[in-house]
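Notes to accompany the following structure.
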Amino acid sequence: MSAPNIVWFRQDLRLTDNPALTAAVDRGGPIIPLYILDDETPGDWRPGGAGRWWLHHSLARLGDTLATLGAPLNLRRGVAREVLSRVAAETGAAAVYWNRCYEPFAIARDKALKASLGADGIEVQSFNSALLVEPWTVKNKSGEPFRVFTPFWRAASQDLQMPHPLPAPQRLSAAAGVASDMLDSWKLLPRKPDWAGGLRECWTPGERGAQNRLRMFLETAVERYAGGRDRPDQENTSRLSPHLHWGEISPRQIWSALEHADASRKNIGKFQSELGWREFSHHLLYHAPGLPERNLRNAFDAFPWELDEERLLAWQAGRTGLPIVDAGMRELWATGWMHNRVRMITASLLVKHLLQPWQDGAAWFWDTLVDADLANNSASWQWVAGCGADAAPYFRIFNPVLQGEKFDPNGAYVRRWVPELAEVSDKFIHKPWQAPTPPAGYPAPIVDLAAGRQRALAAYETIKGS
């Protein structure tokens, strides 16, 4: 029997449109599907609590599908560089295939692995399965990376040719005698307490769940997307972000489906541009690997943050006294997800009205979001804070009352997640402290919005000329 080929699954937990898997099958020989849980190499950026819940279920479903094709998923835990080399030696593997990741630690790890495995005479091939355009392929007229989204996306999407998504293999030949951990032994799921009930109600991790989510979006919501995507009280978004992050569906599959969708170009184009923001975020992270921790604009290193643990905790708990903010933070805690418009509102309150460092907000989102993605999370928080690429002007400070009245006009979103306000009238739902009888059990606003705005503007003035 010929030597086996290892397919190292990472953020590509699917069988369709998986170029690493396809290449391994085309090479011939037994297949060793492998996933390595490495909590050391990523450091602070190992999956958070919500991400680990998702990963458990996604791996379980991937394992079931691979088993039906004849090759079980093999699980190992440890430093990926060491574990992969060890599995290759144990099995006499002739080749290793993987799809590329773009986090700084992943790039460094993969370069080292290619060198060490190659020195051992093992063939190594990597592929793009996660992006429409890889970060190093798009440059401005000066040959430099982009720092503004619109020209980036114009250049990236111009004449973008999408190959047809690859089919899943019909059958796999397994290598015998490969040792594997049991998934339950990794203890990725919360036990005491089990806080994941809301996640179970809202999500179906796995490739089939991703395909179903895409189909539902195309059938019921895409035609409302451009005009309705900012309404958290309505189901107008795709909710594909966690499936994309974990690679249960590829952007190429989504793009192909959009091209054949029965919807206006306005709506399709708007959704495609949101895929473009994801591409731009990866472009930024690749060219600025410090993006998750350091201000992209150095002037912000001198920003006068006012660290206040009580304010941060109130924000995390959805107890700021500002209804749309509290609704968003409670939705996040319950479901592992938050509507994008509300993400911007909650982030703006934290970094501008409350003057808390954007890194603290990004860390909370990292732990609680099922779609926590290092590129998206970092770029978006820096955008809100005003210290990143294509950043919102420093004087753009979202007023959560006005935002709520505009995008949740009848208060349906707030009433769903903040039941203390269920009986408050539409007139006062976004400013209950002004109601004739303020609701019992709901806190007063954590900050006077007008005063908080002026304090933020003054803080930004201190670095304006830097």
Is there any pair with a first residue in the stretch 309-323 that is in the same structural domain as PRO445 (by TED's automatic domain parsing) and without any contact (Cβ under 8 Å) to a residue 24 or more places away in the chain and a second that is in a helix (DSSP H, G or I) and not basic (Lys, Arg) whose Cβ atoms are under 9 Å apart and which are 6 or more apart or on different chains, and what are they?
-> ALA317/ASP326; ALA317/MET329; ALA317/TRP333
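When only residues in the stretch 245-281 that are assigned to a helix (DSSP H, G or I) and of a type in the set (S, T, N, Q) count, which is farthest from THR220 (Cα to Cα)?
The first filter runs over the stretch 245-281 and keeps only residues assigned to a helix (DSSP H, G or I), leaving 245, 251-259, 265-281.
Now narrow it down to the ones that are of a type in the set (S, T, N, Q): 253, 256, 267, 272-273, 281.
Details: GLN253: 18, SER256: 18, ASN267: 13, GLN272: 17, SER273: 20, SER281: 28 Å.
Filtering the stretch 245-281 for residues that are assigned to a helix (DSSP H, G or I) and of a type in the set (S, T, N, Q), the one farthest from THR220 (Cα to Cα) comes out as SER281.
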Any residue in the stretch 438-466 that's over 12 Å from ALA299 (Cβ atoms): show its pairings with residues that are among the β-branched types (Val, Ile, Thr) and at pLDDT 95 or above at Cβ separation under 6 Å, as long as the two are six or more apart or on different chains.
-> PRO439/VAL424; ILE446/THR320
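Specify which of the listed residues (GLN170, GLN161) is surrounded by fewer than 15 Cβ atoms within 10 Å (Cβ to Cβ), free of Cβ contacts under 8 Å to residues at least 40 places away in the same chain and over 27 Å from LEU296 (Cβ atoms). Let's see the steps before the verdict.
Working: GLN170 fails: free of Cβ contacts under 8 Å to residues at least 40 places away in the same chain.
Being surrounded by fewer than 15 Cβ atoms within 10 Å (Cβ to Cβ), free of Cβ contacts under 8 Å to residues at least 40 places away in the same chain and over 27 Å from LEU296 (Cβ atoms) holds for just one of GLN170, GLN161, which is GLN161.
Pick out the one residue from LEU37, LEU84, LEU59, LEU73 that is at pLDDT 95 or above and farther than 30 Å from PRO289 by Cα. Steps first, answer last, please.
On the way: LEU37 fails: farther than 30 Å from PRO289 by Cα; LEU84 fails: farther than 30 Å from PRO289 by Cα; LEU59 fails: farther than 30 Å from PRO289 by Cα.
Only one candidate passes the filter, namely LEU73.
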Kindly check whether there is at least one residue in the stretch 13-32 that is in contact with a strand residue (DSSP E or B) (Cβ under 6 Å, 6 or more places away or on another chain) and on the phi > 0 side of the Ramachandran plot.
-> yes
Residues of the stretch 1-43 being over 27 Å from MET162 (Cβ atoms), in contact (Cβ under 8 Å) with a residue 60 or more places away in the chain and under 20 Å from the mean Cα position of the chain (by Cα), in sequence order, are LEU37, THR41, PRO42, GLY43
Would you be able to tell me the number of residues in the stretch 387-409 that are buried (at least 24 other Cβ atoms within 10 Å of the Cβ) and assigned to a loop (DSSP other than H, G, I, E, B)?
-> 2
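Identify the residue in the stretch 117-138 that is loosely packed, with under 15 Cβ neighbours inside 10 Å and among the small types (Gly, Ala, Ser) and, among all such residues, is nearest to PRO163 (Cα to Cα). Explain how you work it out, then say what you get.
Keep residues of the stretch 117-138 that are loosely packed, with under 15 Cβ neighbours inside 10 Å, which gives 118-121, 123, 136-137.
Retained after the next criterion (residues that are among the small types (Gly, Ala, Ser)): 118-119, 121.
Details: GLY118: 29, ALA119: 33, GLY121: 32 Å.
Filtering first and then ranking leaves GLY118.
Can you report the number of residues in the stretch 21-37 which are touching an Asp or Glu at 6+ places or on another chain (Cβ under 9 Å) and under 15 Å from TRP246 (Cα atoms)?
1
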Do you know which residues across the stretch 416-430 are in contact with a helix residue (DSSP H, G or I) (Cβ under 6 Å, 6 or more places away or on another chain) and without any contact (Cβ under 8 Å) to a residue 40 or more places away in the chain?
-> ALA422, VAL424, PHE428
Residues of the stretch 295-305 classified as touching a helix residue (DSSP H, G or I) at 6+ places or on another chain (Cβ under 8 Å) and of a type outside the set (A, V, I, L, M, F, W, C), total | 2
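The values are calculated or read from the model by the stated rules, or taken from the named source; none is laboratory data. Just so we're clear, the structure is a prediction, and the values are computed from it rather than from any experiment. FYI the Cβ positions are ideal-geometry reconstructions off the backbone, even for glycines, and counts take in every protein chain you see.
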